[in-house]
Each structure stands twice: as structure tokens, then as C-alpha cells.
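Before any comments, here is the structure.
The values are calculated or read from the model by the stated rules, or taken from the named source; none is laboratory data. Since the model is a prediction, treat every value here as computed from it, not as a measurement. Neighbour counts are summed over all protein chains in view; Cβ atoms, including those assigned to glycine, are modelled from backbone coordinates with ideal geometry. All accessible areas refer to the heavy atoms of the entire protein, side chains included, with ligands and DNA or RNA removed. Shrake-Rupley method; radii C 1.70, N 1.55, O 1.52, S 1.80 Å.
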Amino acid sequence: MAPTTRSKEASGLKSSKKAAARPSDIVPINSWFRFLETQNSQAIALPLTLLFAVLVRWCVALYGYSGQGSSPMFGDYEAQRHWMEITTHLPPSKWYFYDLQYWGLDYPPLTAFQSWACGFVANLVNPAWVALDSSRGIETHESKLFMRGTVLVLDLAIFFPAIVLFFRSKRGFGSWVPQQVSIFTALLHPCLLLIDHGHFQYNSVMLGFLVWAVYFAAQEHYVYMAVAFCCALMFKQMALYYAPAVFFFLLAKCFQPNHGFALFIKLGFAVVATFGLMLLPWIQSPEQLTQILIRVFPVARGLYEDKVANVWCALNVVVKLRNMFETADLLRLATAATSLAFLPACIHLFVMIRRHKGKLLPAVRDNMVKLLNYSLLNTSLAFFLFSFQVHEKSILLPVIPALLLVDDEHWAVNWFVQVALFSMYPLLFKDGLQIPYAVLAIGWSVLRSCPVCPADKKTPRMVFLLQWLSTLVMVALHLAHMFISPPASLPDIYVVLNVVFSCAMFLFFFVYFNYRQFSLLSRPSSSRDMSTPNKRKTE
Amino acid sequence: MLSVNDLVLLGVGIGVKLLLWPAYHSTDFEVHRNWLALTHSLPVDKWYFENRSEWTLDYPPFFAWFEWALSHLAYMWDPRIVDIDNLEYSALTCVMFQRLSVVVSELVLFAALMRFAKVSGGSVQARVAAFLGFLSPGFLFVDHVHFQYNGFLFGILVYSLVFALEGHDLLAGVTFAALLCFKHIFMYIAPAYFFYLLLHYCVVYRQRGAGGLDLGASVLRLLKLGSCVMLVSGIAFGPFVAMGQIPQLVSRLFPFKRGLCHAYWAPNFWALYSFADRALIIGSRLAPNLFPALRPNAALESSTRGLVGDSSFAVLPDVTPAATFIATLVAQIPACALLVFRQRTPTRLIQAVVLCAFASFLFGWHVHEKAVILILAPLGLLVATPTKRMLRMFAVLSISGYYSLLPLLFGAQELPIKAAIMLIWSLSALGLLKSSSVPAWRCLTALEKTYISGHGVLFLLTEISPSCLFGQMQFLPLVLVSVYTALGILYSWLGMIYELLAAEWA
């Protein structure tokens, strides 16, 4: 922050006047940071953002979690707690085998280690919370606090620093305010907050590792990037949604003339070492490794499980694919469709990254990172829309790279997050999280000014109309859900409408973000940076 | 006119308050639910006699009418809330209704503070001060977690002060009289109002000539003010006078059977006094010949055990209610002197209110820790245009005062909320409040900075550290908090007196 402050002081009043003309000024969250700037109180901005993020997280944590009070199987909360129980009391060789019918461990080893660490602490504080078998379904107030606390601590330890470091190292903001706004937005967007601290999961760890990977990419530490991404993958297999983009990005880096091959060797070593280290307890037994693989990739479960806003589930309204094809055929179909969907973005990324050789100028490097974010977004959205066995929570994966682009895609990211949150409503409703959902949804819409405020002249008129339309549809669906009970013949009508609407919106965003990726380098501000790098000073 | 930013900040505040709904609520929640039920189900003449619940009605009539009005909405929301035999009812609908009633009634405070900001010229400082008041940990902890309606009541107080600032003395007086009929704790600051209204409103000087007292005009104004105040209190208490229930009302409103200190020592002078007594007890046990002898009585087991009851002392002299009354009166002298001997401006009224609240809080009998808001809310108005010392005193007082409220929320669940809210508020206050564009944290002396940071250590020691640290002495964390914050409050009181009096007479 220090350099920005200094430059601000040097340029004085003039720059602030110029900056005040930005269209983003009508966005309430921008005016908060603008206010701090005019008060010369920049020093308290980041601490306030962080503390507010903690406060809101813990307030959400006061509410219910998935499967609360629903014996005998409970929900995701009980699954996570159960894993602490088995990892604390059993040797690793039994982790992936123990009583698979009752929430058997089906996440990769890093989650198992995290469960073990949390279980270890729980065992010190109160062994009853994680007693083997006898603690199943434990729902005491203290054990809930402990579980909530572990999520908050891990979130603070991994996700928070990654977001702060990424945006503070990012260039091209032009001034201090948008940087702070980006940090605030990324830390307080409702989707991850409600799922992790309300519904109960540890997504912020996996997503935090991804942001670390992007941060290292921006710092040109590609080996660290690979390690961070492997950690994400080893925490939650869902990170595979990002894998094509990361793979093509690193592959392109390996084609560099001078250090390319050396990088290739280093990356290979880093990946093998990370995976090897994570799998160390099981490495000697092929049977164990196979079991982990079977547990982590449950292909036998079917095209999709619950109602989810992806193409297959939405298509199901018209075409009953599941009755027409075998599961294996559907798997092939889904895989082909997914590959077709993510390849354009990945190939574009590969070609563009390869084109730039040698030491990168800051402006060029910035565009490379943006390109990486766009393809992470497009790839994961492709997976969400077209792949096999998607959960409604998986929409979090495209949301994170979208948030890293929030300063470049004001209205699109606002809108995307809004729809993503809406698509998770049926899930959050089941968990009894309506109040935090409503507060955070309204909070997001107001603070980020989405739908676009009429005073914003810069956003196209078309977007303005469409956003209002989409908001109206969402509000109407919520009101209908609250006040009109569904007809007996169509008990799931609201969920289905939610799925169809969200899926249509996601398809729109998929096309739009792909278009944005392909046009990134030909946009006025970017093309200047890219085409005439020599003329630009390196500040 | 409210700006978009004001509305957004209001919205964020309301959002956080709504999110706090499932947090802990104290027995005050049931108190107010019972009042809803009894005002709804019983005729007025039974209100102050009803005792099915142990939480009998002990606020003045206007507050009872407020509950009565709310109870009609409550009946529409969920009829079980106002069922008088449905004790300890705390279903989700009931929690939602009562929490929502606090959030909505608090808008009075918001409106009052916005009006204050406007009266003060709408400067950035005034707005900052207004929002620091509206979103203060005091109201967040006591109203929105612990459960009370202070936001609404202090809204009325701020309105009264704003009327005074606008020059409408009569209106200010009437509003304050009405406030007294809502909650009689505001009697603590009545002396300030008394002297201000008497000398600023009632006493009229001749414009021409010698400029002596215009007796006729003065008496007229006195009658005007007196009749208005009588009218307000007549509306409130008249029906009960007619029903001959005043003795019953008085016994409900002033339960004099309580001890010197509340269960948890409010951080005032008596907390330090009790602490000194404890220290002397330990001292005389360790070295009997160095210390005065212990008086044989129950003191050795009393107030530190956290019992509400007569606290007696083993070394220091016992304190009687009369002694605290005299101490309070003496401590209020500076406030009154300010109004009697110096130029009387509306700002003086606010200063005198602050000093009166200070005196009653520091030396009163059976003071609640929540009463610290009585000092902080009006003082918050003064920091719109503060001097450096005023800002320093405000920083020390507000942080230690709000910190002293933390033991109210004793559960582990509220721990992160307490820490986050305290830090957010303190950072904002220290960073955004300014005296001639020097931010508050730069005005502080090294000692004050150390003292303020000390609250962090105190938090780690009393809230985070494992309970085994204090072993058998479960009361020790509370005593630590109470003594530590009492030092800050006493310090800022002396500082304020110096600021307001020494600067004036020097």
C-alpha cells in the first residue's frame, strides 16, 4: 500500500478529481473506500475489510448447517466431522476403507490430513467430539462451535492471505480504491461464505490454494504455482475443473526457448514430489492407492445427483437422457462435451502464452495473468455445465477466477455471482439459511450496485435492461416460492425453474467470458500494452 | 437529506444486526416478552401488580405503553408471544419478532443522529460521529445480542439534545420529561437539564437598559415549562395516581434492596474500592502486623463471589446508600457549575449531561455496567468538533467503556463477534475522528496508547486463555476487566473535568 499512498500524495488533488469521474464511483462500496482515501485513512482500510469479513463469516456461522438434526445420516457437516473421528483414531491404511456406508472418506489425502489435524485438536479439547463411532451425529453446541472455528481458522490461514497478496501485487488498477474494492469483494462475496460457513464445507482451502497458484503465476514462480495447484487438487478432486487451464499454461511456459526444458523438469519433479508426499502413507500398497482412486472418483453415481443448474439437468426437463442411455455412454457423452467446451479457451491460452518469450514486462505479465484467469473461469464453467456428476456447490469454482477479474469485468462478475448465488438457493433453503441468504444477496446487490445503477453511463444499455430483467425473474421466483405452494403434480417446480433459469444464464456467461478471453488482447487498453511493450516504462 | 452513503451504511448496519439474530440473548429477552404479554392481556390497573413471572414490570408507564403498542403487532405475528402464561417462550417466531422490534425501533436513534449531523453543519466529522454512535458496540452488544431497547431510548435523548442545539429549549425539556417516563435511569442526567432549562430558558434578561432580570417574562416561562413537564408526567403517571397505585409503582421502579455493586462490578469508583478492600484482605492475611485488622464479618466471602446482595467490606469502611448519594451529588457539582457560572450554550448542556452521567456512573449505588452508554452516547455528539484532549478522553473512555460490556456476552459463541466488533469500532474511531485534521490515534499520549492496547492483552488473558489459568478464582477475570476498565474511565473523567473546567477558569 505504501507506494500507492506515496504516489497519491505526489499527484495530490488533481488525480483524485480525475479518479472521481470514474463510473464506478456510484457503486457504494467504491465510495466507502473513496471516503477513506479523502480522509487520509487508507491505513485502516485493509484491517477493517478483514475484520468485517471475519464478523460476517461468524454471523453466518451462528445459523444452521447441512443436515442439522436430520438423523440418521445428517449431512456434509457430519461427513467432515466423521472424517476427523476416523482419521484421529485409525491408522491411514483404514481411512479409505472404514464403514464406507456411513460417510466413508471420499476426498483426497490433503483433506484427510486436515481432518486428522482438526481431530487431533478436538481430541485434546474434548475427546467426546471425535470419539470413534460413539460420536456419530453429535450436535452439542460446543462441538458445533469447534467445527465452525476450524473452518474460520483455515479460511483465515489460506484464503485470506492469498486474496490480499494477489490483489496487492496486481497492477493496472490505476489507483488505490479499486484495489481495495477488489479485496473487499473477493473476501465478502456471498457464495463461498454461505457454503463454507453456513452449509459447512472447507472449499475455501481448495479455492485458497488456487488463488495462491494464480498469485505465484503472477510472480512468475511457476514451480510454486504447480505445488499450490497440486495442493488444491489433493484437497478436493473438484480442482480438476481447473486442471486443463493450469496444464496448458504451464505447458506453454515449458516451450520457452531458454529455460523451458529446465522448467519442465522442475515442474515434473515438483508435481511428483507433492503427490508422492501426500500419498506417502499409502504409497507401498497398490490396493490402497486403487481404493483412494475409486473413492475419490465415484463414476458409478450417474450423470448428476441432485438438481443442479447444468446442461444435463436442465435438458432433463425435455429429454430424459438417463432413460435413453447407459451410464457408461453418458459418461462418454459428458466427457466429449466438456472437452469441446473447455478446449477453445485452453488452446487460446496456450497459443497466447507461447507467443511471449523471455522476460516479461509488467504490463504483459499482467495480461498473461488475466488470460490465465479467464481460462480458469471458462474451463471450470465448461466443467460445471457439461461434465458428469456435478454438484450445485461446484459453481464456486468458476466464481473464484471471476472474482479475481472483478476489476476488469464489473457488471459481468456482479451479475454472475448474483446468479451463482441464486442457483444455490434450493440447497441453502434446505439448511435453513434463508436469513443470511437474503441479507447477503441484498448486501451484494446493493454494495456492488447490481443490477446496474441508472447513473452508470458506461455500461451498455442492453446490459442494464437484461440485468434488471434477470433480477426481476429471481425476485419473482423467490416471492412465488415464499407465498405460492407448488401444484401437487409438480412438487419440484421451483427448483426446476431455478435450474433452467440459472443454466440459461450460465450458458450466456460461458459464451460471454469466452468472447472476453478471445478479445482480451485486442481490447484498446490491453493491445497497447501488448503490442508496444518497448515503449512502456517499467515504472 | 440523507446521502446514498448514509443509507448504505445504515443498510450494512441493519444487515449485521439481522445476522446476529441467532446469537445469545439474556433473560432480558424474556423480561420484555413477559411485558408484551402482560400489557396485552391485562387491564392497565393490573400492570404493576402482575407477578406470575419473576420479571415484573419495572419501567415507567410510557415504556409499558410502548410494549402495549408492540404487543398488538406481536399478536398478529404469533399470538403465543403475548400469552401471559406462556413463560420462557422463545420459538423462532418470537425471537424474530422481538429482535426485529429492536432493529426497527432503533431507527429513532438513526433519525436523531442524522438530524444532529445536519444541525452540526453536515460536516464529515459530524457524520462520522453520528455513525460511530449508531453502530457502536454499546448498542450492538446490549441491544442486538444481550437484548434491550436502548437504541430507541437514546434516540429520544439525542432528539432532546438536538432540539436544544436548534434552540427549542421547551421542546428539549418536554422530550426529556417524556424520556424519563420511558426509563427512569435518565434521572442520572436530570440535574444538567434542570440547571440548563432553568437558567437558559426560564431566566430572561432585559434587552435594554441595565440588563437586569426580567421577572415577569421569567415567571411566565417558568410556568410554561412547568406546565408542559407536568402535562407529560401527568399523562404518564396521572392514571396511576387516580388509581392510587403510586406506592406500588415506586416500589417497582426503585428496588432499594440491592447491593452496592452489581453481580459483575460495573467499572466505577466502587469497583476500585472493592478491589482495594480485597487487596487489603489478602495483605492482612499475609502480613497481619502491617495492615489494619480485619473486621469480623461476611465480607470475606461476599462481593467477589458475584452475588447480588449487600456488599460489606473487611478493611475499608462500609458504604451506605446515603454515602453514594452524597458522593454522586458532589461529583455532579462541576457539571452544574459549568451551567451556573459560565455562558450557557446548548453544547454546554451536552457537556453537563456527560459530566452528570459520569458522576452517577462512577459513584452511584448498584450501577449497571450498561449505564456507561449514558456517558458515551452524549459524549459521542461532542466529538463532532473536538479539542485534542477531548478526543483523547473519548478514545480512552469509549474503548474501555465498551470493553467493559464484553462480560455481558460470556459465551464462547460470541467471542469472535465481540472481538471483531470492538476492533472495527475502535479502528474506525481512532482513524476517522479528527481534531483539526489530526486523527485521534495521533493525539494520544504514549501512556494512553499503551493503556488502549492493553485491552488486547486483557482479552487474551480473560477470554481466550484456558479456564485452568485462574483455577479456583473464577471471579478473577471479571475483577480484572472491571478494575482495568475502571482505571480508564476514571482517568477520562478527570481529563474531561480538566478539559471543561480548568480550561474555562484558568
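Things to note:
- For the range B:139-159, the criterion of being over 14 Å from the mean Cα position of the chain (by Cα) and in a loop (DSSP other than H, G, I, E, B) is met by no residue.
- Subset of the range B:430-445 (residues that are within 10 Å of chain A (Cβ to nearest Cβ) and part of a helix (DSSP H, G or I)): B:430, B:431, B:432, B:441
- Breaking point among (1) open to solvent by less than 40 Å² (accessible area, probe 1.4 Å); (2) among the hydroxyl-bearing types (Ser, Thr, Tyr); (3) over 18 Å from the mean Cα position of the chain (by Cα), for residue A:107: (3)
- In the range B:322-344, residue farthest from residue B:499 (Cα to Cα) [restricted to those that are in contact (Cβ under 8 Å) with a residue 40 or more places away in the chain and not hydrophobic (A, V, I, L, M, F, W, C)]: B:324
- Count - residues of the range A:185-234 that are in a helix (DSSP H, G or I), over 20 Å from residue A:110 (Cα atoms) and open to solvent by 10 Å² or more (accessible area, probe 1.4 Å): 5
- Residues that are within 22 Å of the chain's Cα centre (by Cα) and either at the interface with chain B (Cβ under 8 Å from one of its Cβ atoms) or under 17 Å from residue A:438 (Cα atoms) (or both) within the range A:39-52 comprise A:51, A:52, listed in sequence order.
- Lone unmet requirement of (1) modelled with pLDDT of 95 or more; (2) open to solvent by 20 Å² or more (accessible area, probe 1.4 Å) for residue B:167: (1)
- All conditions in (1) modelled with pLDDT of 90 or more; (2) closer than 30 Å to residue A:433 by Cβ hold for residue B:90, with the sole exception of (1).
- Scanning the range B:230-245 for residues that are more than 26 Å from the chain's Cα centre (by Cα) and part of a helix (DSSP H, G or I) returns B:231, B:238, B:239, B:240, B:241, B:242.
- Residues located in the range A:353-367, provided they are surrounded by fewer than 21 Cβ atoms within 10 Å (Cβ to Cβ) and within 16 Å of residue A:253 (Cα to Cα): A:354, A:355, A:356, A:357, A:358, A:359, A:360, A:361, A:364, A:365, A:366
- In the range B:117-138, residue most open to solvent (accessible area, probe 1.4 Å) [restricted to those that are farther than 22 Å from residue B:427 by Cβ and in a helix (DSSP H, G or I)]: B:118
- Candidates A:64, A:69, filtered to the one that is facing chain B (nearest Cβ under 10 Å), in contact (Cβ under 8 Å) with a residue 12 or more places away in the chain, among the small types (Gly, Ala, Ser) and not in a helix (DSSP H, G or I): A:64
- Exclusive hit being in a helix (DSSP H, G or I) and modelled with pLDDT of 70 or more, set B:299, B:337, B:314: B:337
- Here is the figure for the range A:150-176: residues that are within 19 Å of residue A:368 (Cα to Cα), in a helix (DSSP H, G or I) and open to solvent by 30 Å² or more (accessible area, probe 1.4 Å) total 3.
- Residues of the range A:451-500 that are assigned to a loop (DSSP other than H, G, I, E, B) and either within 14 Å of chain B (Cβ to nearest Cβ) or of a type in the set (S, T, N, Q) (or both): A:453, A:454, A:455, A:456, A:459, A:485, A:489.
Quick grid of which residues meet (1) part of a helix (DSSP H, G or I); (2) modelled with pLDDT of 90 or more; (3) at positive phi:
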residue: A:80; (1), (2), (3): yes, yes, no
residue: A:83; (1), (2), (3): yes, yes, no
residue: A:86; (1), (2), (3): yes, yes, no
residue: A:103; (1), (2), (3): no, no, yes
residue: A:106; (1), (2), (3): no, no, no
residue: A:120; (1), (2), (3): yes, yes, no
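- Residues satisfying the stated conditions in the range A:256-286, i.e. open to solvent by 100 Å² or more (accessible area, probe 1.4 Å) and more than 24 Å from residue A:110 (Cα to Cα): A:258, A:259, A:261, A:264
- Looking only at the range B:407-426, and only at residues there that are outside any helix (DSSP H, G or I) and open to solvent by less than 30 Å² (accessible area, probe 1.4 Å), the one that is farthest from the other protein chains (Cβ to nearest Cβ): B:409
- Residue within the range A:123-141 that is touching a Pro at 6+ places or on another chain (Cβ under 9 Å), crowded, with 22+ Cβ neighbours inside 10 Å, in a helix (DSSP H, G or I) and away from every other protein chain (no Cβ under 14 Å) present: no
- Of all residues making up the range A:14-38, the number that are facing chain B (nearest Cβ under 9 Å) and either open to solvent by less than 30 Å² (accessible area, probe 1.4 Å) or modelled with pLDDT of 95 or more (or both): 4
- Condition broken by residue B:379, with the remaining ones in (1) hydrophobic (A, V, I, L, M, F, W, C); (2) within 14 Å of the chain's Cα centre (by Cα); (3) open to solvent by 10 Å² or more (accessible area, probe 1.4 Å) satisfied: (3)
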